[in-house]
1. When the stretch 364-397 is examined, which residues are found to be assigned to a loop (DSSP other than H, G, I, E, B) and either basic (Lys, Arg) or within 22 Å of the chain's Cα centre (by Cα) (or both)?
2. I'm trying to understand the selection: among the residues of the stretch 218-233, which are over 25 Å from ALA330 (Cβ atoms) and assigned to a loop (DSSP other than H, G, I, E, B)?
3. For the structure I just gave you, tell me whether GLY109 is farther than 30 Å from SER383 by Cα and in a helix (DSSP H, G or I).
4. Starting from the stretch 68-82, take each residue that is surrounded by 24 or more Cβ atoms within 10 Å (Cβ to Cβ) and list its partners that are at pLDDT below 95 and aromatic (Phe, Trp, Tyr), counting only C-beta distances under 8 angstrom and pairs at least six apart or across chains.
5. Can you list residue pairs whose Cβ atoms sit under 8 Å apart, with the first residue in the stretch 313-328 being within 16 Å of ARG354 (Cβ to Cβ) and the second being outside any helix (DSSP H, G or I)? Count only pairs 6 or more apart in sequence or on different chains.
6. Just a yes or no: is a residue in the stretch 344-362 part of a loop (DSSP other than H, G, I, E, B), crowded, with 19+ Cβ neighbours inside 10 Å and aromatic (Phe, Trp, Tyr)?
7. Could you list, ordered by first residue, the pairs with Cβ atoms under 7 Å in which the first is in the stretch 374-390 and closer than 15 Å to GLY204 by Cα and the second is in a loop (DSSP other than H, G, I, E, B) and at pLDDT 95 or above, at least 6 apart or interchain?
Amino acid sequence: MSRAVLALALVASAGCSTDKILKVDRPDIIDPGGLSNATGVTALYAGVIGDFSFLNAGTLGVISSTGLLTDEFRFGATPPEVRQMDQRAAPESNTLVAQFYLQTQMLRGQADRASAALKAVSATDPRVGEMEAMSGYAHIMLGEMFCSGVPLGTPGVDGTPQTTTAVLQAGVTKLTAAVTSAGSDDRTKNLASVLRGRGLLDLGLTDQAAAAVAAVPTSFSYTTLHSLASDYQKNGFQDYMNSNDGILVSDREGTNGLNFATALDPRVPVTGDGSPSAFDKQTPRWYYANATSFTSPMPIVTGVEARLIEAEAALKANNISLWLSKLNAARAPWGMAAVTDPGTATARVDLMFRERAFALFASGHRLGDLRRLVRQYGRGAESVYPTGAYHKDGLQLGTDLQFIIPLTEKNNPNFTGCIDRNA
């Protein structure tokens, strides 16, 4: 991104924290000269944790935005820029897309800054690995959410546009370092390992992805953290859903969408009765029951994902018994009955991605999965994404396969637009 924009963003984000980690409001400023000691680097670390939580569970963060573009959520209110996202038709001028693009780039830059500062104070601090993992995560999300051509700038240096593959490879490199930096800290090692597996899966390296996550326990969970200390620290996703009907659980959206709202699947618990939204008087009201308060944590990186990565690798290798074993291990935390072999190659892929869709619901994975179905499995985009008539206003769904890099990136003289809009 633009060096000037990133530099200003990092200065503004230097001093934040989360109550117990999140205690001080995000906009506070810490003297940069105070960031080279234990207190200062702890503030930087806490700021990144807060940024990660806000990026994911802010009002229109990763969970909301990717869910709207895919078949997880429908838009039940009226602001047109949110509708554009839900409609698969957000232009480069969409300011909400620009906002979470900047937040993702900020997380990348601030995590890099924090890892360097922590390492300077103590090279063996496991938080170094956690910050490297946060940077790796930001790279992966830039690769999954946006078109090819994302620049990876640094303060003082304008980035040049990178292909989606290059962005993902850069993320995997960060995560490989994070695994090493984690040392004996299992929590950080598990975090970095699952994220590394995710990046390798995005790159089509399924065997390497499975090896990366093999040691991660199914019970592992890395969540967002929230508090009531400020609006920045609250779970804004649930508020936009429960108070404003802005985000509602979808059901068979646009022909191809899964039946999230009515499947009665314990992994996607819902409340509501399907009656029309109080705001647009049209969209069926189904609410995600795992997000009910301003302090609800949202799982983003889990051991269940590790088992699903292993399952997909087994399926690719045509080891059907191992595939089913791993799928059922991923279902075990919910006490669900075992799945059985549907019998054909196409049906097996359908089941694989359905299991991922329900187990990883509302964690920012669905967009990357739909893109992979097109890119890696040869599915037609309009057989995967919601398509056809939009659910209200007499409109049609668009053809976006990911978000366009926003107009604000053109402040970077190296950037003129997406390299391509392919999956």
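The values are calculated or read from the model by the stated rules, or taken from the named source; none is laboratory data. Please read these numbers as outputs of a predicted model, since none were measured by experiment. All Cβ positions, even for glycine, are placed from backbone atoms using ideal geometry, and neighbour counts span all protein chains on display.
1. Result: GLY364, HIS365, GLN376, TYR377, ARG379, VAL384, TYR385, PRO386, LYS392.
2. Residues satisfying the conditions are HIS226, SER227, LEU228, ALA229, SER230.
3. So GLY109 fits the description; yes.
4. Correct list of pairs: GLY76/PHE279.
5. Here the result reads LEU324/ALA338; LEU324/VAL339; LEU324/THR340; LEU324/ASP341; LEU327/VAL339; ASN328/ALA338; ASN328/VAL339, each pair linking the stretch 313-328 to a residue that is outside any helix (DSSP H, G or I).
6. So far as the stretch 344-362 goes, yes, one or more of its residues are part of a loop (DSSP other than H, G, I, E, B), crowded, with 19+ Cβ neighbours inside 10 Å and aromatic (Phe, Trp, Tyr).
7. VAL374/VAL384; VAL374/LEU401; VAL374/ALA423; ARG375/ALA423; GLN376/GLY204
The rows are residues; the columns are (1) touching a Lys or Arg at 6+ places or on another chain (Cβ under 6 Å); (2) part of a helix (DSSP H, G or I); (3) under 24 Å from ALA117 (Cβ atoms); (4) touching a residue at least 40 places away in the same chain (Cβ under 8 Å).
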{"site": "GLY159", "(1), (2), (3), (4)": "no, no, yes, yes"}
{"site": "LEU168", "(1), (2), (3), (4)": "no, yes, no, no"}
{"site": "GLY171", "(1), (2), (3), (4)": "no, yes, yes, no"}
{"site": "ALA177", "(1), (2), (3), (4)": "no, yes, yes, yes"}
{"site": "GLY183", "(1), (2), (3), (4)": "no, no, yes, yes"}
{"site": "LYS189", "(1), (2), (3), (4)": "no, yes, yes, yes"}
{"site": "ALA192", "(1), (2), (3), (4)": "no, yes, yes, yes"}
{"site": "ARG196", "(1), (2), (3), (4)": "no, yes, yes, yes"}
{"site": "LEU200", "(1), (2), (3), (4)": "no, yes, no, no"}
